[in-house]
Amino acid sequence: MARKRGSPVEPPADTATGDGLSELQRPPAEVLYAKELAHLAESDADEPRPKGWRLAPKSVVRFVLGDERQGVAPKFVGKRGFVERCVVALATSRGLMLIGEPGTAKSWLSELLAAAVCGDSTLTIQGSAGTNEDAIKYSWNYALLLAEGPSERSLVPAPIYRGMKEGKIVRFEEITRCPLEMQDVLLSILSDRVMAVPELQGELRSLFAHTGFNVIATANTRDRGVNEMSAALKRRFNFETVQPIGDLGEEMALVQRETDKLLSRSGIPMALAPEMTEVLVTTFHELRNGRTGKGTALETLTTAMSTAEAVATGFAAALHAWYYGGGRMRGDHLVQHLIGTALKDAPDDLKKLRHYFNQVVKEREGEAWKEFYAARDHLP
Ligand SMILES: Nc1ncnc2c1ncn2[C@@H]1O[C@H](COP(=O)(O)OP(=O)(O)OP(=O)(O)O)[C@@H](O)[C@H]1O
Ligand SMILES: [Mg+2]
């Protein structure tokens, strides 16, 4: 449903703050949803909460899953019981470890939880083979270190130092990509809640964590699983598995909402046509689960075909339609961008995708499915 081209572009509601935030590609959750967080904090002042938390656990779940009565938008699609367990984990003396397939919103959920619990989702360590202690604990400003010696002023705090000092949630993304020694830096921090800073003098030699501090780690079960993590570290986390969205209708609603949001944030006055969303999401859902809606078995692709990728594909196809197709998205836009997502490096996936078109898509009723099928020639 494209609006007329050249019509004035309204800024999206969530970034229309007039303070330059709409220039950011992707503001953090606490900025995007500042109004909701302030409203929830005001309305739950009498609710019990763990020490150091901005919101009560009930409000954290409302923020994540949405609450129509309070005007809180849904952000994460998942079972209430699962989200409650994640919130409770953060109030215990152990950290929260979110594991799951790629693109199941592990990072997004950890951002939302951090924004709700401490109002700051930016204390984030990005795990990689090169992650060292400096990136986790602290390092030094060498000019100041030489001029004044070690002091709080010359110390450059990394996320864990700040999280402990300010009583905030620290996010450790893709923790299993780090060398094991670096993962184990967290051992004493999570159990004793204290970090030694041997270079400083007196009281400053030990940094005791303030209430509110905890760690949310994420790990992808596909690339490098959690098997390599030491048993000692595993013991210091509550593990929760983020499942892909099981209900097709819920997945469609989410992909529609997210793609429309991305389009609106890019200043493109266009929305995904619902029948195109249906084709897009059904294809991803069925290829991911290895089963059609009617129960026919399919071979799953090597690619995860995640909801995150469905959003990315819908957005790319819509942009393609906007810039080259006069603003109307057609089946061939979808197929072209599906290829870039689904066919990465496994030659067999092409055969499986062809099979899906010839056996499943071909039989589907409706204009959008027919257009989608007709565009199969784009497959390499
Ligand atoms: N259950 C869900 N609820 C909300 N959004 C979801 C859900 N599943 C997937 N998404 C989509 O995925 C995007 C977030 O993906 P995210 O990067 O957090 O995944 P991830 O699990 O961390 O992936 P990776 O393992 O590759 O790091 C969201 O912005 C949203 O568009
Ligand atoms: Mg992630």
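The values are calculated or read from the model by the stated rules, or taken from the named source; none is laboratory data. Keep in mind that this is a model prediction, so the values were computed, not measured. Cβ atoms come from the backbone with ideal geometry, glycine included; neighbour counts cover every protein chain shown. When the accessible area is computed, the model is the full protein with side chains, heavy atoms only, and any ligands, DNA or RNA have been set aside. Shrake-Rupley method; radii C 1.70, N 1.55, O 1.52, S 1.80 Å.
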remark   = Out of (1) open to solvent by 10 Å² or more (accessible area, probe 1.4 Å); (2) under 29 Å from residue 168 (Cβ atoms), the one residue 264 does not meet is (2)
ask   = Of all residues in region 7-53 being modelled with pLDDT under 90 and in contact with a Leu (Cβ under 8 Å, 6 or more places away or on another chain), which is least open to solvent (accessible area, probe 1.4 Å)?
value = 15
request  = Check residue 145 against each of (1) touching a helix residue (DSSP H, G or I) at 6+ places or on another chain (Cβ under 8 Å); (2) at pLDDT 95 or above; (3) more than 14 Å from ligand 1 (Cβ to nearest atom) and name the one condition it does not meet.
outcome  = (1)
inquiry  = Which condition from (1) touching a Pro at 6+ places or on another chain (Cβ under 8 Å); (2) more than 12 Å from ligand 1 (Cβ to nearest atom) is the one that residue 81 breaks?
reply    = (1)
inquiry  = Just to verify a result, which residue in region 68-82, among those that are closer than 21 Å to residue 103 by Cα and in contact with a Leu (Cβ under 8 Å, 6 or more places away or on another chain), is surrounded by the fewest Cβ atoms within 10 Å (Cβ to Cβ)?
reply    = 80
Selection count where residues are touching a Lys or Arg at 6+ places or on another chain (Cβ under 9 Å) and within 14 Å of ligand 2 (Cβ to nearest atom), scope region 207-225 = 7
key: Top-ranked residue of region 228-263 - restricted to ones that are part of a loop (DSSP other than H, G, I, E, B) and among the basic types (Lys, Arg), ranked as nearest to the chain's Cα centre (by Cα)   = 236
query = Which one of the conditions (1) more than 21 Å from residue 92 (Cβ to Cβ); (2) open to solvent by 60 Å² or more (accessible area, probe 1.4 Å); (3) not β-branched (Val, Ile, Thr) does residue 155 fail to meet, given that it meets all the rest?
reply = (2)
remark   = If we ask which residues in region 54-67 are open to solvent by 40 Å² or more (accessible area, probe 1.4 Å) and of a type outside the set (Lys, Arg), their number turns out to be 1
task = Could you tell me whether residue 314 is open to solvent by less than 10 Å² (accessible area, probe 1.4 Å) and within 24 Å of residue 244 (Cα to Cα)?
result = yes
request  = Being under 24 Å from residue 374 (Cβ atoms), at pLDDT 95 or above and in contact with a Gly (Cβ under 6 Å, 6 or more places away or on another chain) narrows it down to one of 275, 286, 309, so name that one.
outcome  = 309
ask   = Can you name the number of the only condition in (1) open to solvent by 10 Å² or more (accessible area, probe 1.4 Å); (2) at positive phi that residue 305 fails?
value = (1)
query = Just to be sure, is residue 166 within 16 Å of ligand 1 (Cβ to nearest atom) and modelled with pLDDT of 95 or more?
reply = no
